[in-house]
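Computed from the coordinates by the stated procedures, all read-outs in this text should not be read as laboratory data. All values derive from a computational prediction rather than experimental measurement. Quick reminder, even Gly has a Cβ in these numbers, built from the backbone with ideal geometry, and neighbours come from all protein chains shown.
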Number of protein chains: 2
Amino acid sequence: MEKFLITDQWKIIEEGFDPARQRSSESIFSIGNGHMGQRANFEEYYSGDSLQGSYVAGIYYPDKTKVGWWKNGYPEYFAKVVNSINWIGIDIRVNGVQLDLAKCDVGNFRRVLNMKKGYLQRQFTAELNNGDKVQVQSQRFVSMSRNEVGTVSYSVKALNFDGTIEFCPYLNGDVRNQDANYDEMFWAEVDQGLFSDGAFVITKTKKLDFHVAAGMRCALTKNGQPLDIDSDFNVEPMKVSQQYSVTVKTNDEISLHKYVGIASSLNHERKRLHPYIEQLTAEIKDLGFAALQQEQAEEWADIWNQCDIRIEGDEEAQQGIRFNIFQLYQTYTGDDERLNIGPKGFTGEKYGGSTYWDTEGYCLPFYLNTTDSRVARNLLLYRYRHLQKAIQNAKKLGFSDGAALYPMVTMNGEECHNEWEITFEEIHRNGAIAYAIYNYIRHTGDEDYLKEGGLEVLLAISRFWSQRFNFSEKRQKYVMLGVTGPNEYENNVHNNWYTSYIACWTMRYTLECIDKVEEEAPERFDEIRQKTEYTDAETELWKDILKRVYLPEEKSQGIFLQQDGYLDKVQRTASDLEENERPINQHWSWDRILRSCFIKQGDVLQGMYFFEHEFDEDTIRRNFDFYEPRTVHESSLSPCIHSVMASKLGYSDKAYQLYLRTARLDLDDYNKEVDQGLHITSMAGTWMSVVEGFGGKRARNGKLYFSPILPDHWDAYSFKIVHQNHRLKVSVEPNQVNITCERGESISCYVYGKEYEISPGHPLTVSGKPVAS
Amino acid sequence: MEKFLITDQWKIIEEGFDPARQRSSESIFSIGNGHMGQRANFEEYYSGDSLQGSYVAGIYYPDKTKVGWWKNGYPEYFAKVVNSINWIGIDIRVNGVQLDLAKCDVGNFRRVLNMKKGYLQRQFTAELNNGDKVQVQSQRFVSMSRNEVGTVSYSVKALNFDGTIEFCPYLNGDVRNQDANYDEMFWAEVDQGLFSDGAFVITKTKKLDFHVAAGMRCALTKNGQPLDIDSDFNVEPMKVSQQYSVTVKTNDEISLHKYVGIASSLNHERKRLHPYIEQLTAEIKDLGFAALQQEQAEEWADIWNQCDIRIEGDEEAQQGIRFNIFQLYQTYTGDDERLNIGPKGFTGEKYGGSTYWDTEGYCLPFYLNTTDSRVARNLLLYRYRHLQKAIQNAKKLGFSDGAALYPMVTMNGEECHNEWEITFEEIHRNGAIAYAIYNYIRHTGDEDYLKEGGLEVLLAISRFWSQRFNFSEKRQKYVMLGVTGPNEYENNVHNNWYTSYIACWTMRYTLECIDKVEEEAPERFDEIRQKTEYTDAETELWKDILKRVYLPEEKSQGIFLQQDGYLDKVQRTASDLEENERPINQHWSWDRILRSCFIKQGDVLQGMYFFEHEFDEDTIRRNFDFYEPRTVHESSLSPCIHSVMASKLGYSDKAYQLYLRTARLDLDDYNKEVDQGLHITSMAGTWMSVVEGFGGKRARNGKLYFSPILPDHWDAYSFKIVHQNHRLKVSVEPNQVNITCERGESISCYVYGKEYEISPGHPLTVSGKPVAS
């Protein structure tokens, strides 16, 4: 864990320039707007170590699979997030010497991510090797209200010289991915050239023919006054640049505003990209930097008004939770059902393909509770659009008749992953996708979604499960062989309780939904029946499986069994591990990890979390007491689920301790890997720990429940919930809980099990319970 | 299956030139002498598709591991068999036109591998695009009596022209491996230059600094008469060539003899390679081609006299078995304990590293029965030399105190393989290495080997097993979790019967050997005790494991259980599969294969084969009857073991049918992959099917047993057995078996269970039993 950032309620602040930390800070200070994202690379040339990253949502590259030993069923390609046209670049020369922070004396370096207003700011002084000193200030953001707009303000002040400062803003499409499997260049030239007072570059991916266009127009000021001087343009293949040469005297400050439009063939006809970008850049240049920044601040104010969490008495926690919310909204805003949430968002290349079950398991609840339900709906539609691909994927593995297996990792619905024990076996992901439909409906009450796409998805997943179980003559039970549960520290196990349970749950829920749709919309049901060739007969098998399924338990201990052989392992707890063995994934061989009883992330307990309402508290407690001590939480997705459950069980110290492991994971770089990008999806888990954990928020049958506790370390906290047409603010103070209805009509909800009616203007106060210990 | 070869008792013959088959024929017509090997690439330039392969035993390259998803414990490198200096090359120009079989009219093409005398012959006519016709004859071999010598005779006859023929023999070290993981060049320049009348090239591997030197001297004849003309030498980096320009008239035939020496730093000081190769080539040139060929024929006559198998009434079978014996002796001759037997020998690059458990499981019995016991002993010493590496390997995985895990694939004792379910889990290989010691001693009676190295190896392997079992509190038994048995169509299973059985057997055998060595050589035992830090106390754990081990069985069916979950699978037999589904490894996804009950190669039955003497025939029969029908024999190592067992159980049709699947595997290219190289190690399995299977040969407590059957399709057959100081010839005819003692004193052996004494000059004839049905 490293504390190199300054704590602040609304800002992430780094002071002092440390080249060894450059990659990490590039991740942490990333900016995005759900449609594009940009690592905190420097605008000016930088010869030091860096991971350049400019990403455009939905644009990817099918990189040829890298594999040691091929297995039938593996995909040919891994869809990679692509580093795209560099649009932030502004090279600077001072009296002919290039400004390069790796090669000059840097002072007063300060980098600030302003989360309240949504921009990145940097300042420093630099003494070049010719003795010239400059002071630099830059600001940039990608616009939340204009998806295709990014803008940079870059100022250089001459501190001790008279002379010339050259500004060379550019767009460079000749860029690469550092994680390309075979050092392949992903981009090819399409076009580049000039507008009346700007320039553009259009490149395309060498496969799939995605086109990306970037255009720029710039404006200069000198000491705050517009400066109209000539500039030279330079056009090379895949690159355009502009060169301004400004004469300065000591203390003159020259500012460049760079207005950039970035658009892709995802949203525009290829041939329209050029005129579109020409017009867009003209518009935003007309508006000007200040107006765009004002818009940006207003947009973020709206978001914070809807989903801010305030924590009092613990500024680090406050900064951490806001950072997580901020990054989630920078990654996904939910207005395009073709997009999704990659584990690293727009902050790094690693893990390539964008969508894992993290979306359904972790991110969906966040968006369900913090914004309009249309956002969560788009996340469901994303999977619905991929249904045929999921059916093809299952077919490739040998399944039939419209069974669907959703991919482990995907961009366009095709599987990207190639590791048999995950690709073929970590199939519980299919369950999470079914569960998301249920989760969405229980929050929103939008049962119509079943008719639109939900039922088709559920049918196809249930079909998969019914084929994936097989009947064991020996046991006279249905078993599920060869799976990997959420605990990836065990592979290819038999009868993983979680997977079998969620499979059964899916079939049960699908049966219910079939009845519902058949009854409520018989015509639509007939359409679905025809389209899917569904027959009543096939549900008989599902019912038989539900009747005769084998779900492993250890009755003597009153627990569900993670998998058939779990209790054959030597039983130890994480507290038996030496400090220098942890994390075991960095200190133990894979062989040793696999045969140990240690659990990477909740497995039985993931099931208890999803299906809490199907188990009594004693059962949950016994399973928690057994499994949590065996869990090493070496997935960023692990502590949050356990923290929520610990809160529920009244283990408030444990809940807080687990919360701490997730809250500032990236800010404090717990896992020493933030240089590769942020853990975007696990950020939603932190939100869960607060709202569902400490806040005890639940939604069931359209009703809201709260049972807040107040962690000892906090003076008070509050969070907001969007529920159907309502927005509630829940404030938890020592000895009392206040709930305000900020939007919508009056609503009833349960606090500590008792029902209350809350109306706008009439906050509810419930006294007594909140202190944790 | 493809029949493109002509059947012959002693020769492999191909007629007609088919470029599409070039790679396959290059494999089949490979030559070798245990120290080097050469694919049947053409001497003259060939622009068509080809896999160039000149291999030097013991020279390898650590190629950077290629892996999709890294797991702790994986090796950094995969040791690759290296394509080394091309020494056969002779470019030909006829009146200035290059001879290239891909670019001329080829007629009367015939390629012959003479197995009786050990050489490769080729002839063809070619009409070049200028109309000139030539007839070409070539012969080549690598000398069995001179490890470092190869020689080529290459004749060109002018059929329809007067003019000039240029001969350009060369040595070219600028060569690559086609299977290099990252297209890396493995070789670097060391030196090249001229002798008085020859030339040399020395190259070295870029890693590990292996040096390989090749030298050549040539001689010409014209119509059989020595032709002394000037030639030009050309020296380039890594390449030397010589150019003869010969004036010919129609019907003149020019022959070039190329005498090549190839030596490596494995056997010579680096700086001595140059003078050594200079002298060696002078010597062999003095001797001349005919004399070298005579030596070669004599050497092969000796080998055939020792180990030939004759089959009467089935010429294809005769050709097949001789091909297998021939290739085995071309691959490994057993005079250097640093060498071993790669799955593809010197016939291809694939599978890289040279040693798998194939050596102990399949090849050792072949060499134990067909040649001096020193050869088998060298195979054991190879592993003894690698013991410290095996201990390091186990340590890397988390084992301690001198436990050894031998690698799955290796060149120098270090693990090369990187596929967790194999590398970390297919640990039964360790058992085969222990079993080889037992097998060697039961054949040779050489118990001294235990003192020399055997006991240390056994101790280290038993230590591994004792740590690899763990005590299950739940079962109150020792279990072995997370292993892959010989059946690689199931991975990461628990309590694989074969692995657990061979583990227990190892510990039992080690305990016996400890007692034996302690009693017979107490001083040596004390040395071993000190060196290994062995204490009596640790055997207590072994004994406890032997007492309380869990070995899965299915009592209701009287069978051992392949692994815990095997009977939870849907039970089918291979006969239920459609023709178009087989082999399943080409038609099914890996997911489907893993979850099916189908067995790739004997697993429980591999144990029955090794430990036949520990089970009664009914037990073996019940297990065979259960498992064989579920076995798809998709490993080249599978049918032979089952054929041996079927013979034993009196299932002679089954035995013959399984034998057929192995006998001509490569000649008829059953698996459509002979282009990549021959299945050298499985060739020993074919030998087993005949000698141990049909011949019913066994060795037990120093005694020999035979129970021959005669397959319906054969008129008669005979084989030879080297046993201690004896050589026996066993001839099986309808209704009688003849056994002749060809070498050594009189010996007693059992035929159909009855003991006989056989003396030299007094063949034994036993009547009555041999007909199979």
* Excluding residues on the same chain fewer than 8 positions from B:Lys271, give the aspartates and glutamates whose Cα lies under 14 Å from its Cα. => B:Asp191, B:Asp209
* Taking B:Lys516 as the anchor, which aspartates and glutamates have their alpha carbon closer than 16 Å to its alpha carbon, excluding any fewer than eight residues away along the same chain? -> B:Asp446, B:Glu447, B:Asp448, B:Glu452, B:Glu456, B:Asp526, B:Glu527, B:Asp536
* With respect to the cross-link table entries A:Lys71/B:Lys396; A:Lys11/A:Lys103; A:Lys103/A:Lys133; A:Lys648/A:Lys754, which display a Cα-Cα separation exceeding 23 Å? -> A:Lys71/B:Lys396; A:Lys11/A:Lys103
* Asked: If you count, for every residue in B:417-429, the Cβ atoms of partner chains within 10 Å of its Cβ, what is the mean?
  -> 3
* Structure fact -> Rounded to 0.05, the calculated FRET efficiency for the beta carbons of B:Arg743 and A:Thr65 at R₀ = 45 Å is 0.20
* To do: Could you grab the relative contact order for chain A? Cα pairs under 8 Å, six or more apart, rounded to a whole percent.
  => 12 percent
* In segment B:332-377, what GluC sites (Glu not before Pro) fall in a loop by DSSP, with at most 15 other Cβ atoms inside 10 Å? -> none
* Asked: Can you give the charge dipole size of segment B:620-730 about its Cα centre, rounded to the nearest 20 debye, using +1 on the beta carbon of Lys and Arg and -1 on the beta carbon of Asp and Glu?
  -> 800 debye
* Structure fact -> The answer for A:Leu481, listing residues at least 5 apart or on another chain whose modeled amide H is closer than 5 Å to its amide H, is A:Asn470, A:Asn495
* Structure fact -> Checking rank on B:549-556, B:755-762, with mean other Cβ inside 10 Å and highest first, the result is B:549-556, B:755-762
* **³J(HN,Hα) computed for each position of segment A:57-68 - Karplus, 6.51 cos²θ - 1.76 cosθ + 1.60, integer Hz, glycine/proline x** => 4, x, 9, 9, 9, x, 7, 4, 3, 10, 8, x
* Structure fact -> From the Cα centre of segment B:124-158 to that of segment A:570-614, the distance in Å is 66 Å
* Structure fact -> In this structure, among B:Lys206/B:Lys389; A:Lys80/A:Lys206; A:Lys64/B:Lys80; A:Lys389/A:Lys531, pairs with alpha-carbon gaps over 21 Å are B:Lys206/B:Lys389; A:Lys64/B:Lys80
* To do: Report the charge-dipole magnitude of segment A:545-630 in Debye, nearest 20, computed about the Cα centre from +1 at each Lys and Arg Cβ and -1 at each Asp and Glu Cβ.
  => 340 debye
* Structure fact -> Given unit charges at Cβ for Lys, Arg (+) and Asp, Glu (-), the dipole magnitude of the protein assembly as shown about its Cα centre in debye, nearest 20, is 1000 debye
* **Amide H contacts under 5 Å for A:Asp162, placed H, 5+ residues apart** => A:Thr250
* Structure fact -> With R₀ set to 22 angstrom, the calculated FRET efficiency between the beta-carbons of B:Gln586 and B:Asp653, to the nearest 0.05, is 0.25
* Structure fact -> Ranked output for segments B:229-242, B:395-408, A:440-453 by mean other Cβ atoms within 10 Å, highest leading, reads B:395-408, A:440-453, B:229-242
* Structure fact -> Diffing segment A:473-490: the Karplus 3J(HN,Hα) column from phi (6.51, -1.76, 1.60, θ = phi - 60°), in whole Hz with x for Gly and Pro, holds 4, 5, 8, 6, 9, 7, 10, 10, 9, x, 10, 10, x, x, 6, 6, 8, 10
* From the cross-link list A:Lys116/A:Lys600; A:Lys600/B:Lys207; B:Lys117/B:Lys258; A:Lys395/A:Lys703, which pairs have alpha carbons spaced over 29 Å apart? -> A:Lys116/A:Lys600; A:Lys600/B:Lys207; A:Lys395/A:Lys703
* Structure fact -> Rounded to whole angstroms and listed largest first, the alpha-carbon spread of chain A along its three principal axes comes to 88, 58, 55
* Structure fact -> Rounded to whole angstrom, the alpha-carbon centroid of segment B:167-204 lies from that of segment A:373-430 at a distance of 51 Å
* Sort out for me the Cα centre separation of segment A:736-755 from segment B:486-540, rounded to whole Å. => 70 Å
* Residue separation times 0.36 nm, minus the C-alpha to C-alpha distance between A:Tyr752 and A:Glu614: what's the value? -> 47.8 nm
* Estimated FRET transfer efficiency (B:Leu546, A:Gln557; beta-carbon r; R0 35 Å; 0.05) -> 0.70
* Per residue of segment B:398-403, in order, report the coupling 6.51 cos²θ - 1.76 cosθ + 1.60 (Karplus, θ = phi - 60°) as ³J(HN,Hα) in whole Hz, putting x for Gly and Pro. => x, 8, 9, 6, x, 5
* To do: Towards the positive end of the charge dipole of segment A:579-737, with charges on Cβ (+1 Lys, Arg; -1 Asp, Glu), say which of A:Asn725, A:Ala663, A:Ile709 has the farthest Cα.
  => A:Asn725
* Structure fact -> Sorting B:Asn129, B:Leu101, B:Val112 by the position of each Cα along the dipole of segment B:98-142 (Lys, Arg +1; Asp, Glu -1; all at Cβ), the one nearest the positive end of that ordering is B:Val112
* Structure fact -> Inter-chain shielding metric for A:67-77, i.e. average beta-carbon neighbours from other chains within 10 angstrom, reads 5
* To do: For a footprinting-style exposure proxy, rank B:Arg621, B:Arg572 by other Cβ within 10 Å, fewest first.
  => B:Arg572, B:Arg621
* Structure fact -> Amide H contacts under 5 Å for A:Asp63, restricted to residues at least 5 apart in sequence or on another chain and with H modeled in the peptide plane, are A:Phe78, A:Ala79, A:Lys80
